[in-house]
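Engineer: Let me give you the structure first, and then I'll get to my questions.
The values are calculated or read from the model by the stated rules, or taken from the named source; none is laboratory data. Owing to the predicted nature of the structure, the values given are computational and were not obtained by experimental measurement. Note that each Cβ is placed from the backbone with ideal geometry, even for glycine, and that neighbours are counted across all protein chains shown. When the accessible area is computed, the model is the full protein with side chains, heavy atoms only, and any ligands, DNA or RNA have been set aside. Shrake-Rupley method; radii C 1.70, N 1.55, O 1.52, S 1.80 Å.
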Amino acid sequence: MTNLTFDWNQLAQLAGGDPEFEQELLGLFVTDVEDSLLRLVAAVTALDTVTVEHLAHYIKGASANVGANALAEAAEQLEQQARQSNLAQAEPAVEALKVRAQEVKHAIEVRY
């Protein structure tokens, strides 16, 4: 995976250079993002812009914190659509978010 997908230096800094703590953080992150994505898909289906905006913002922040830059960018796009109450055409943004989440998960699996 490219550095555009994951900034390993950001993660190392967050974990204080402790590889075991990195793995623990990433395990929690992946589980949390998977749960948030399920809830986000349901909210998009329901055209619940408030919940979509909140969950996309949450995923964006969590992703940026651990260095999952591409995932953070995809979440930001969906967050903007929700903020503009534009969920009728949100499916491509949701699919992009799912793809980026899988790329991040794969990058983590390859590294650890």
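Engineer: Among the numbered conditions (1) under 26 Å from Ala15 (Cβ atoms); (2) in contact (Cβ under 8 Å) with a residue 12 or more places away in the chain, tell me where Val52 comes up short.
Structural biologist: So Val52 meets the others, but not (1).
Engineer: Do we find that Leu11 is in contact with a Leu (Cβ under 6 Å, 6 or more places away or on another chain) and of a type in the set (A, V, I, L, M) in this structure?
Structural biologist: Against the criterion (in contact with a Leu (Cβ under 6 Å, 6 or more places away or on another chain) and of a type in the set (A, V, I, L, M)), Leu11 does not qualify.
Engineer: Another question about this same structure. Could you tell me whether Glu103 is crowded, with 19+ Cβ neighbours inside 10 Å, in contact with a His (Cβ under 7 Å, 6 or more places away or on another chain) and either of a type in the set (Asp, Glu) or under 19 Å from Asp7 (Cβ atoms) (or both)? Full working, then the answer.
Structural biologist: Details: crowded, with 19+ Cβ neighbours inside 10 Å: yes; in contact with a His (Cβ under 7 Å, 6 or more places away or on another chain): no; either of a type in the set (Asp, Glu) or under 19 Å from Asp7 (Cβ atoms) (or both): yes.
So Glu103 does not fit the description; no.
Engineer: Assuming Pro92 fulfils every condition listed in (1) within 16 Å of the chain's Cα centre (by Cα); (2) crowded, with 17+ Cβ neighbours inside 10 Å apart from one, which condition is it?
Structural biologist: Here Pro92 clears every test but (2).
Engineer: Let me ask you something else. For Gly17, all conditions in the list (1) over 18 Å from Glu103 (Cβ atoms); (2) within 11 Å of the chain's Cα centre (by Cα); (3) open to solvent by 30 Å² or more (accessible area, probe 1.4 Å) hold save one; what is the number of the exception?
Structural biologist: Of everything listed in (1) over 18 Å from Glu103 (Cβ atoms); (2) within 11 Å of the chain's Cα centre (by Cα); (3) open to solvent by 30 Å² or more (accessible area, probe 1.4 Å), Gly17 misses just condition (2).
Engineer: Then there's this: When residues of region 24-42 are filtered for being surrounded by 15 or more Cβ atoms within 10 Å (Cβ to Cβ) and either hydroxyl-bearing (Ser, Thr, Tyr) or more than 18 Å from Val99 (Cα to Cα) (or both), how many remain?
Structural biologist: Residues flagged as surrounded by 15 or more Cβ atoms within 10 Å (Cβ to Cβ) and either hydroxyl-bearing (Ser, Thr, Tyr) or more than 18 Å from Val99 (Cα to Cα) (or both) within region 24-42 amount to 2.
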